[in-house]
1. Residues being open to solvent by less than 70 Å² (accessible area, probe 1.4 Å), in a helix (DSSP H, G or I) and over 28 Å from residue 38 (Cβ atoms): count how many of those fall in the stretch 325-360.
2. Could you list all residues from the stretch 221-245 that are farther than 17 Å from residue 291 by Cβ, touching a strand residue (DSSP E or B) at 6+ places or on another chain (Cβ under 8 Å) and not hydrophobic (A, V, I, L, M, F, W, C)?
3. Could you list, in sequence order, the residues of the stretch 244-268 that are farther than 25 Å from residue 84 by Cα, out of contact with any Gly (no Cβ under 8 Å at 6 or more places or on another chain), open to solvent by less than 80 Å² (accessible area, probe 1.4 Å) and not aliphatic (A, V, I, L, M)?
4. Take residues that are within 20 Å of the chain's Cα centre (by Cα) and not small (Gly, Ala, Ser) and tell me which of the strands (runs of 3 or more DSSP E) falling wholly in the stretch 192-273 contain 2 or more.
5. Filtering the stretch 200-234 down to residues that are in contact with a Ser or Thr (Cβ under 9 Å, 6 or more places away or on another chain) and open to solvent by 10 Å² or more (accessible area, probe 1.4 Å), which residue is farthest from residue 172 (Cα to Cα)?
6. Is there a residue in the stretch 284-306 that is touching a Ser or Thr at 6+ places or on another chain (Cβ under 8 Å), within 30 Å of residue 60 (Cα to Cα), modelled with pLDDT under 95 and not in a loop (DSSP other than H, G, I, E, B)?
7. Answer yes or no as to whether residue 95 is in contact with a Cys (Cβ under 7 Å, 6 or more places away or on another chain) and at pLDDT 95 or above.
8. Looking at the structure I just gave you, is residue 282 open to solvent by less than 20 Å² (accessible area, probe 1.4 Å) and within 22 Å of residue 117 (Cβ to Cβ)?
Amino acid sequence: MQNISRIFVIGATGAQGLPVVRGLVEDGRYSVLALTRDSTSPRAKALAAMGDVSFLEGSFADEAVLREGFRACQGAYINIDGFNAGEKTETYWAIRCYELALEEGVAFFVYGNLDYTLKKSGYRSMFRTGHYDGKGRVGDWILSQNQTNGDRMGAALFTTGPYIEMAFSGGTPMTPRIEDGVLTWRVPLGDGAVVHVALDDCAYYARWLFDNRDRANGMDLEVGIDDISYADLAEAFERVTGHPARFVDIDLETYFSRIPTIAHQPAGYNADPADKSTMSFQDNFTGFWNQWKHRIITRDYALLDGIHPQRIRSAEDWIMREEQKARETGSETLWERVQPETLPRRPILKLSEDGRQGII
């Protein structure tokens, strides 16, 4: 197989992209060419400090820029920001990325994917989630293309989900609040569970795909910590930190009444609100919470144990590790992170940091 030393990364400054790049460059095995609109931004500077990371300034929605990036690298990691572009635009450019990478001689292509929830639910529209289905359709298409093109350019999907860090961060669908001294998640989850993903594990899994291309070619690596109910999340937080926490189930109407300013805006902030294919934030996240409430998404945890024996396996495991990091580095504990004055200052998601604004 062609040697891979340099990887073109789209989405490098996002929540997932930062650990993925770290996992690729930390031991010098790979270098990264990161696409960014601003190579002087704080997130770009954080990437540059990780090791052999250089930058290509431009947009994923520019064919000339994409060709330049793919031509300069032997590998590609593509995770387009659907909350910027919207479902329709993301679909086009994700497909075009695959086509251009193949044409420009990339040896291995990893697509940052999410579950095709609509398909997995038997095409029931109560589960339609635009930012999931937009990626999932493309993921299916890439695997079908790989059946013909896999000997010319290998390809794999890296299917993630909501980061567990989002449950302790501002500006996410599951941001908690402290109510009467109790850390409280009020979300429409019922008896369901979220297949949360740990960002630290993303570094390992993405690296594994490039290191094991023979096995990974044609693979959909679906990752997660566990099926985490929020009652269990609250109990784990209490056990580890000693601070009180609870989960309060609410209905969808109550949930969206708490975010009235964005509920009827497009889920992808650059999508055309007049386009009838554009899902509103409310419609998109109705499907999102329904998929978890009804446990549509599952994972093969035994497979993940074999691939990553040291992976994070429970909410309690993740919380313990975060508290240990805080002790060792003198950084904020989880309880300190979720204080009202602190929570808005630590957005894990780039779209929250950007205030849902910016060009494609």
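The values are calculated or read from the model by the stated rules, or taken from the named source; none is laboratory data. Just so you know, these numbers come straight off a predicted model, no measurement behind them. FYI the Cβ positions are ideal-geometry reconstructions off the backbone, even for glycines, and counts take in every protein chain you see. Just so you know, the surface numbers come from the protein's heavy atoms only, side chains and all, with ligands and any DNA or RNA stripped out. Shrake-Rupley method; radii C 1.70, N 1.55, O 1.52, S 1.80 Å.
1. 3
2. If the condition is that a residue be farther than 17 Å from residue 291 by Cβ, touching a strand residue (DSSP E or B) at 6+ places or on another chain (Cβ under 8 Å) and not hydrophobic (A, V, I, L, M, F, W, C), then 235, 238, 243, 244 are the ones that fit.
3. Of everything in the stretch 244-268, those that are farther than 25 Å from residue 84 by Cα, out of contact with any Gly (no Cβ under 8 Å at 6 or more places or on another chain), open to solvent by less than 80 Å² (accessible area, probe 1.4 Å) and not aliphatic (A, V, I, L, M) turn out to be 247, 254.
4. Working: elements: 194-196, 220-222, 226-228, 245-249.
The strands (runs of 3 or more DSSP E) meeting that bar are 194-196, 220-222, 226-228.
5. Filtering the stretch 200-234 for residues in contact with a Ser or Thr (Cβ under 9 Å, 6 or more places away or on another chain) gives 202, 205, 220-228, 232, 234.
Right, trim to open to solvent by 10 Å² or more (accessible area, probe 1.4 Å) and you get 220, 222, 226-227, 232.
Values: 220: 26, 222: 22, 226: 20, 227: 19, 232: 19 Å.
Checking each candidate, the answer is 220.
6. no
7. Details: in contact with a Cys (Cβ under 7 Å, 6 or more places away or on another chain): no; at pLDDT 95 or above: yes.
Criteria not met by residue 95.
8. Details: open to solvent by less than 20 Å² (accessible area, probe 1.4 Å): no; within 22 Å of residue 117 (Cβ to Cβ): yes.
Here the answer is no, as residue 282 does not meet what is asked.
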